[in-house]
Amino acid sequence: MAKQESSHVFPRHTKSRFPIAVRGEGCYLFDADGKRYLDGSGGAAVSCLGHGDAAVGAAIKAQVDKLAFAHTGFFTSEPAEELANLLISKAPENIERVYYVSGGSEAVETAIKLARQYSIEVGEPSRHRLIARRQSYHGNTLGALSAGGNMWRREPFSPLLTEGSHIAPCFPYREQREDESAEDYGRRAADELEAEIQRLGPENVMAFIAEPVVGATLGAVAAAPGYFKRIREICDTHGILLILDEVMCGMGRTGSLFASEQEGVAPDIVCIAKGLGGGYQPIGATLCSGRIYDAIRDGSGFFQHGHTYLGHPIACAASLAVVTALEERGLIARVVAQGEKLDAALHARFGQHPYVGDIRGRGLFRAIELVEDRDTKATFDPGRRVHARLKAAAMEEGLICYPMGGTIDGRHGDHVLLAPPFIIEDAQIDELSDKLARAVDRAINETAPT
């Protein structure tokens, strides 16, 4: 495996040495030694079109030749306007404006600041509290990290984080009681929001933020039926904004362009990224309702926020090509079809596996949760680092997947997230499940006590 012998790059982990990626083709990446890796997680649920898409590449090159950069303090641009028109034409009800950023953390940071400024603009400056959920992940900038409920990521920076509240996630596998229906559990979980609002005082709460399908931290966990409709009802009752973080689960990943479509609710603010650019350019966006935009337009007229590269013409041109491809090639319908095949393959391979407790997800956003005991749902000892060993074993097998530890509380629990490109073929689904099965067995056997 080709690895850099000497590097001045500051890596994600100083004790890890990674192969050098040199080429991408369809659902595969290749390293400098020519080894091929099936991209079973789209990196981090990014590469929706796969690698080397000619149409997106052509769009980027054409935009480079026309205009690389024009600061949005002075200009707008054609690709920014065209992309915004396309997104709004497909967006949830009442969503009318697009604020561009460079990634998911920036999108969430923007949403939080927008919610706060909206409260000021409408004459409710006491509203400053944000409620989120435990075991959520909303990004790594300080505001987004404050919103997130991933304790492991938060802990080193806790003195720097803003005050916030976290209620329980809607996590049927772990939290639904045997004596309650899925709908009853969804109502019970949602009503935690009502209780927290009452504790804080409704006049102090500006927004609630949640992932429609929880990604990295819990592993493709969809809410129980009716959960988000009850959440929307609670927010409306108290004049609180609903922010949906679709950075991972949106842009077709779960079987609809916006994940909220499947919940039958419309947010006030929605955050998108990852699949928005498909990895071809860094881009994200915060979309908001006309009501929020109008409050600022008719008030101060100025959203006190901004980044140098927002609305970057090349990024917008790439994203326009990606979203157009999703629509014109019928790829979102393909996500549904291939997602069902992936789910069937995972159940066939892991349904009776002694160390797999749950198989879950929507569309091409799937996960398996690893347990030491299926009956009790007991987790592996965190010291065994099953998720880390699984990632290494999968890479040796030629599979890129997204294992994570701390599924339950930031320390205990292991799962692996799968989010392959929307173009994945049936044979590649079989390849993915075969390689994952070998990697899971290796990871567990290598860490078993002697």
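The values are calculated or read from the model by the stated rules, or taken from the named source; none is laboratory data. This is a predicted model, so every value here is computed, not measured. Note: ideal-geometry Cβ built from the backbone for every residue, glycine included; neighbour counts use all protein chains shown. Surface areas here come from the heavy atoms of the whole protein model, side chains and all, with no ligands, DNA or RNA. Shrake-Rupley method; radii C 1.70, N 1.55, O 1.52, S 1.80 Å.
Write out, first by first residue and then by second, each pair whose Cβ atoms fall under 6 Å of each other, whose residues are 6+ apart or on separate chains, and whose first residue, in the stretch 76-102, is free of Cβ contacts under 8 Å to residues at least 60 places away in the same chain while the second is among the β-branched types (Val, Ile, Thr).
Ala84/Val98
Might you check whether a residue that is in contact with a Pro (Cβ under 9 Å, 6 or more places away or on another chain), in a helix (DSSP H, G or I), without any contact (Cβ under 8 Å) to a residue 40 or more places away in the chain and not small (Gly, Ala, Ser) occurs anywhere in the stretch 263-273? Write out each step before concluding.
Here is the first cut: in the stretch 263-273, the ones in contact with a Pro (Cβ under 9 Å, 6 or more places away or on another chain) are 263, 265-267, 270, 273.
This time we only want the ones that are in a helix (DSSP H, G or I), so: 263.
From the residues that got through so far, the ones that are without any contact (Cβ under 8 Å) to a residue 40 or more places away in the chain too are none.
Within the stretch 263-273, none of the residues are in contact with a Pro (Cβ under 9 Å, 6 or more places away or on another chain), in a helix (DSSP H, G or I), without any contact (Cβ under 8 Å) to a residue 40 or more places away in the chain and not small (Gly, Ala, Ser).
Is one or more of the residues making up the stretch 48-62 over 24 Å from Ala321 (Cα atoms), modelled with pLDDT of 95 or more and either open to solvent by 20 Å² or more (accessible area, probe 1.4 Å) or out of contact with any Cys (no Cβ under 7 Å at 6 or more places or on another chain) (or both)?
Within the stretch 48-62, none of the residues are over 24 Å from Ala321 (Cα atoms), modelled with pLDDT of 95 or more and either open to solvent by 20 Å² or more (accessible area, probe 1.4 Å) or out of contact with any Cys (no Cβ under 7 Å at 6 or more places or on another chain) (or both).
This table checks each residue for (1) of a type in the set (Phe, Trp, Tyr); (2) over 21 Å from Tyr293 (Cα atoms).
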{"site": "Lys90", "(1), (2)": "no, no"}
{"site": "Ile95", "(1), (2)": "no, no"}
{"site": "Arg127", "(1), (2)": "no, no"}
{"site": "Tyr137", "(1), (2)": "yes, yes"}
{"site": "Gly149", "(1), (2)": "no, yes"}
{"site": "Ser158", "(1), (2)": "no, yes"}
{"site": "Ile167", "(1), (2)": "no, yes"}
{"site": "Tyr185", "(1), (2)": "yes, yes"}
{"site": "Leu200", "(1), (2)": "no, yes"}
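Among (1) farther than 30 Å from Asp298 by Cβ; (2) over 23 Å from the mean Cα position of the chain (by Cα); (3) basic (Lys, Arg), which single condition is Arg174 missing?
(2)
Here's a check for you: in the stretch 174-188, which residue that is open to solvent by less than 90 Å² (accessible area, probe 1.4 Å) and touching a residue at least 40 places away in the same chain (Cβ under 8 Å) is nearest to Arg374 (Cα to Cα)?
The extreme case among them is Arg174.
Could we say that Gly219 is over 22 Å from Tyr185 (Cβ atoms) and open to solvent by less than 10 Å² (accessible area, probe 1.4 Å) here? Lay out the reasoning, then the answer.
Numbers: over 22 Å from Tyr185 (Cβ atoms): no; open to solvent by less than 10 Å² (accessible area, probe 1.4 Å): yes.
Answer is no for this residue.
Do any residues in the stretch 344-357 that are of a type in the set (Val, Ile, Thr) have Cβ atoms under 8 Å from those of residues that are part of a loop (DSSP other than H, G, I, E, B), where the two are at least six apart or on different chains, and which pairs are they?
Pairs found: Val356/Val371; Val356/Arg374.
Regarding Phe258, is this residue at negative phi and either surrounded by fewer than 23 Cβ atoms within 10 Å (Cβ to Cβ) or among the aliphatic types (A, V, I, L, M) (or both)? Spell out how you get there, then give the answer.
Numbers: at negative phi: yes; either surrounded by fewer than 23 Cβ atoms within 10 Å (Cβ to Cβ) or among the aliphatic types (A, V, I, L, M) (or both): no.
Against the criterion (at negative phi and either surrounded by fewer than 23 Cβ atoms within 10 Å (Cβ to Cβ) or among the aliphatic types (A, V, I, L, M) (or both)), Phe258 does not qualify.
Give the residue, chosen from Tyr293, Tyr309, that is among the hydroxyl-bearing types (Ser, Thr, Tyr), part of a loop (DSSP other than H, G, I, E, B), over 21 Å from His51 (Cα atoms) and in contact (Cβ under 8 Å) with a residue 12 or more places away in the chain. Show your work before the answer.
Working: Tyr293 fails: part of a loop (DSSP other than H, G, I, E, B).
Result: Tyr309 is the single residue among Tyr293, Tyr309 that is among the hydroxyl-bearing types (Ser, Thr, Tyr), part of a loop (DSSP other than H, G, I, E, B), over 21 Å from His51 (Cα atoms) and in contact (Cβ under 8 Å) with a residue 12 or more places away in the chain.
Of all residues in the stretch 44-69, which are under 17 Å from the mean Cα position of the chain (by Cα) and in a helix (DSSP H, G or I)?
The answer is Ala44, Ala45.
Name, by its number, the condition in (1) open to solvent by 10 Å² or more (accessible area, probe 1.4 Å); (2) in contact with a His (Cβ under 9 Å, 6 or more places away or on another chain); (3) touching a residue at least 40 places away in the same chain (Cβ under 8 Å) that does not hold for Ile197.
So the condition that Ile197 fails would be (1).
For the stretch 81-92, does any single residue satisfy the condition of being within 17 Å of the chain's Cα centre (by Cα) and open to solvent by 20 Å² or more (accessible area, probe 1.4 Å)?
Narrowing the stretch 81-92 to residues within 17 Å of the chain's Cα centre (by Cα): none.
No: the stretch 81-92 contains no residue that is within 17 Å of the chain's Cα centre (by Cα) and open to solvent by 20 Å² or more (accessible area, probe 1.4 Å).
Any idea which of (1) among the hydroxyl-bearing types (Ser, Thr, Tyr); (2) open to solvent by 30 Å² or more (accessible area, probe 1.4 Å); (3) under 19 Å from Phe302 (Cβ atoms) is the one Thr162 doesn't satisfy?
Only one criterion in (1) among the hydroxyl-bearing types (Ser, Thr, Tyr); (2) open to solvent by 30 Å² or more (accessible area, probe 1.4 Å); (3) under 19 Å from Phe302 (Cβ atoms) is unmet by Thr162, namely (3).
Of everything in the stretch 357-376, what is within 25 Å of Cys48 (Cα to Cα), of a type outside the set (D, E, K, R) and assigned to a strand (DSSP E or B)? Give them in sequence order. Walk me through it before giving the result.
Residues of the stretch 357-376 that are within 25 Å of Cys48 (Cα to Cα), as a first pass: 358-369.
Imposing the further condition that a residue be of a type outside the set (D, E, K, R) reduces the set to 359, 361, 363-365, 367-368.
The answer is Ile359, Gly361, Phe365, Ala367, Ile368.
Give the stretch 313-356 a look and list any residue that's open to solvent by less than 40 Å² (accessible area, probe 1.4 Å) and not in a helix (DSSP H, G or I), or say none.
Answer for the stretch 313-356, where residues must be open to solvent by less than 40 Å² (accessible area, probe 1.4 Å) and not in a helix (DSSP H, G or I): Gly330, Gly351, His353, Val356.
Which of the residues that make up the stretch 392-432 are surrounded by fewer than 21 Cβ atoms within 10 Å (Cβ to Cβ) and either of a type in the set (Lys, Arg) or part of a helix (DSSP H, G or I) (or both)?
Correct list: Ala392, Met395, Glu396, Glu397, Arg411, Asp426, Ala427, Gln428, Asp430, Glu431.
Inside the stretch 20-36, can you point out the residues that are part of a strand (DSSP E or B), under 22 Å from the mean Cα position of the chain (by Cα) and touching a residue at least 60 places away in the same chain (Cβ under 8 Å)? Steps first, please.
Of the residues in the stretch 20-36, the ones part of a strand (DSSP E or B) are 21-26, 28-31, 36.
Next, only the ones that are under 22 Å from the mean Cα position of the chain (by Cα) stay: 26, 28-29.
The answer is Gly26, Leu29.
Can you tell me which residues in the stretch 261-288 are buried (at least 23 other Cβ atoms within 10 Å of the Cβ) and of a type in the set (Gly, Ala, Ser)?
Listed by number, the residues that qualify are Ala273, Gly275, Gly277, Gly278, Gly279, Gly284, Ala285.
Looking only at the stretch 121-156, count every residue that is among the charged types (D, E, K, R), closer than 17 Å to Thr217 by Cβ and out of contact with any Pro (no Cβ under 8 Å at 6 or more places or on another chain) and tell me the total.
3
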